[in-house]
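Structure first, commentary second.
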Amino acid sequence: MNARTSSERDTRRRILLHVLRHGPISATDISEEFGLSAAGVRRHLDNIVADGLAEVVEAPRSGQRGRPAKLFRLTDEGRAQFGHDYDTLALLALRALRSTGGEAAVEDFASQRIHDLLSDLPQAEADFEDGDAEDVEQRAQAIAEALTKRGYAATVDNAAGGVQICRHHCPIQEVAHEFPELCAAEHRVVAELLGQHTQPLATIADGNGICTTHIPLTTIHPSPTKESENS
């Protein structure tokens, strides 16, 4: 990184922080605060808006003629650049749930969470027969796409004797490290949606680089439902 690039990034960061503290704010006000040209500040702001970190709002009309000044404020994504403590909050909430409701309450929460995340996907038929491998692969792809939309960066990769759903990112990694029920619920619900047995191989929460669920395609076995397991 050269000195110019470093300076540009520092200026962008300073502008973001100033908009966070004082927004909605105009480019003129920022340029006066930092002693920068208005054109240079507007260029940074345009890039920040294009990246989804800020948005433009119109200043309230003051009775003067002409177009109202553009004001800038950060979006939720922009605010997230400065960090959050959601993991700690989630950990405290789950610890409280476990303390008051026991492990069963945590398991129920974990199941409901992943069911909600994948609620748009249809449940597989319970009577899968041999030869449905193509349908299972299509379902695996649909699950991967749904997980990707929710931050998991999931792919479906070919493997010996089947395919694997690989999650290259875990948005709940820190929480799942203490509460493996979250991972277990994900694997169980994926099996239910596929309508067959799956093999959990690895999780990011346990220190692996990828969360991997193996889906054997040589022989299709219906996935047991929670009701049948308890009967």
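Screening segment 153-194 for residues that are touching a residue at least 40 places away in the same chain (Cβ under 8 Å) and in a loop (DSSP other than H, G, I, E, B) and picking the one that is surrounded by the fewest Cβ atoms within 10 Å (Cβ to Cβ) gives Gly161.
Let me confirm something: among Glu174, Glu145, which residue is under 17 Å from the mean Cα position of the chain (by Cα) and either at pLDDT below 95 or among the aromatic types (Phe, Trp, Tyr) (or both)? Residue meeting the stated conditions: Glu174.
Scanning segment 13-36 for residues that are part of a helix (DSSP H, G or I) and closer than 14 Å to Val49 by Cβ yields Ile15, Leu16, Val19, Ala27, Ile30. Annotation note: Cβ proximity below 7 Å between a residue of segment 128-141 that is outside the structural domain of Glu186 (by the TED database) and over 12 Å from Thr155 (Cα atoms) and a residue that is surrounded by 10 or more Cβ atoms within 10 Å (Cβ to Cβ) and at pLDDT below 50 (sequence gap 6+ or interchain) occurs for no pair. For Thr88, the conditions (1) modelled with pLDDT under 95; (2) of a type outside the set (D, E, K, R); (3) surrounded by 14 or more Cβ atoms within 10 Å (Cβ to Cβ); (4) assigned to a helix (DSSP H, G or I) are fulfilled apart from (3).
The values are calculated or read from the model by the stated rules, or taken from the named source; none is laboratory data. Worth saying up front: this structure is predicted, and the values here are computed from it rather than measured. Cβ coordinates were reconstructed from backbone atoms using ideal geometry, including for glycine residues, and neighbour counts include every protein chain displayed.
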